[in-house]
Amino acid sequence: MRIAVNGRAMEAGVAPVVMRTLEQMSAHGLVPLLTASLAQWLAEMGKTLKWPVLEDGPLGEQELELCVSLGGDGTLLDTVALVGRTEIPVLGINLGRLGFLSNVRSDNLDTALLAIKHGHYSLQDRSLLQVIDHEEILGQQNFALNEVSIHKRDSSSMIAVHVHLGTDFLNTYWADGLIIATPTGSTAYSLSCGGPVLDPTSDALVINPICPHNLNVRPFVVPDHYTIRLQLEARADRCLMNLDSRSSSIDGQSLITIQRADFTVKMVQLEGTNFLDTLRAKLSWGLDVRSSMFRP
């Protein structure tokens, strides 16, 4: 089973963990092929590479059955960008901290690899957003798994974002920015801005202002069949448009058109795990802090 393995540059102390992970993959009969960025970082850490590096060219033409992300959720977002429209399944192995998306812990790796080897897993389709204009900036990387967000630059004045759902006017947001989040992204940037948590298989989007000037403005959940149009009105010449972790500078008076993408990301779902378990584990749902308040 040929699998691509992607990773960012990490702390030097993580390199032995990455090497052990790759060796475990080989021991289970998997064939890891490293991305160039991961291979370069391991070489810089003085590690001898025993595994081939992916060829240049489209990932979909390299006979891969799986793409594995080694790191945290940021690395998994990079991996989704790498996989793109190929529909190669993605598995996240968490070497970071919180790990909502990369939810396979390194101490549970052997069990996960056995499940992969024997096909004891399912694939869960996760919806994405795509920006259908600004092709000159975005090219083929016009999609996002978590969110598309607009943000003022540096310490400039707040921006106004006039939002339409289809042809209907929704609201003008005076704020530091605006987030359009997918169900997957509801536990990311949007959550930190007070947004709701959505089940990742929901057919919905979250529209969430960042530090709004009007305190009666709240996050809004809408069906994902809408085309969302954002007309920017900024005092500064430029604003930032972010697709997950990829950021571009755009004109402060731009029109941005967002739709649900016409393809999905296939996330590997191991048997015995689900989103509710992740919520309880990562957000400490059900933990009563009062039980430990008065302990010495």
Could you point to the label whose value was computed as mean projected area of the Cα convex hull in nm² for the structure here, given (1) 18.5; (2) 23.0; (3) 15.2? (1)
Positive-end residue of Asn216, Pro183, Ala204, charge dipole of region 128-262 with Cβ unit charges: Asn216
Mind computing the radius of gyration and Dmax over the alpha-carbon atoms of region 1-119? Å is fine for both. 13.0, 35
Add +1 for every Lys or Arg and -1 for every Asp or Glu among the other residues with Cβ under 10 Å from the Cβ of Ser69, and state the total. -1
Mind giving me the nanometre distance, one decimal, between the label points for Gln259 and Glu135, set 7 Å out from Cα along Cα→Cβ? 1.3 nm
What distance in nm separates the two pseudo spin-label positions at Ser156 and His28, each 7 Å out from Cα along the beta-carbon direction? 4.8 nm
Taking K and R as +1 and D and E as -1, what net charge do the other residues with C-beta under 13 Å from the C-beta of Met267 add up to? -1
If each of Met1 and Leu276 carries a label point 7 Å out from its Cα toward its Cβ, how far apart are those two points in nm? 2.7 nm
The longest stretch of the chain containing none of the trypsin sites (Lys or Arg not before Pro) that sit in a DSSP loop with at most 12 other Cβ atoms within 10 Å is 98-234
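Could you size up the charge dipole of region 128-262 around its Cα centre, putting +1 on the beta carbon of Lys and Arg and -1 on that of Asp and Glu, and report it in debye to the nearest 20?
Magnitude of the dipole: close to 360 debye.
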Rounded, prolate or oblate: pick one for region 128-262, where a ≥ b ≥ c are the square roots of the eigenvalues of its C-alpha gyration tensor, a/c under 1.5 means rounded, and failing that, prolate if a/b is larger than b/c, else oblate. rounded
If you take the alpha carbon radius of gyration of region 212-296 and divide it by 2.2 N^0.38 Å, what ratio comes out, to two decimals? 1.72
Estimated FRET transfer efficiency (Gln62, Ser284; beta-carbon r; R0 45 Å; 0.05): 0.65
Quick one: Karplus J couplings for region 58-68, per residue in order, coefficients 6.51, -1.76, 1.60, θ = phi - 60°, nearest Hz, x for Gly and Pro? x, 5, x, 9, 10, 6, 9, 9, 7, 10, 9
Which lysines, on any chain, are close to Lys47 with Cα under 29 Å apart, when same-chain ones fewer than 8 places away are left out? Lys117
Computed lengthening from Asp107 to Ala15, 0.36 nm per intervening residue step minus Cα-Cα distance: 31.5 nm
Kindly give the semi-axes, whole Å and largest first, of the ellipsoid equivalent to region 84-174, taking each as the square root of 5 times a Cα gyration tensor eigenvalue. 37, 18, 13
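No lab work stands behind these numbers, since they all come straight from the coordinates. Because the structure is predicted, anything quoted here is derived from the model rather than measured. Glycine also receives a Cβ, built like all others from the backbone with ideal geometry; neighbour counts cover every protein chain displayed.
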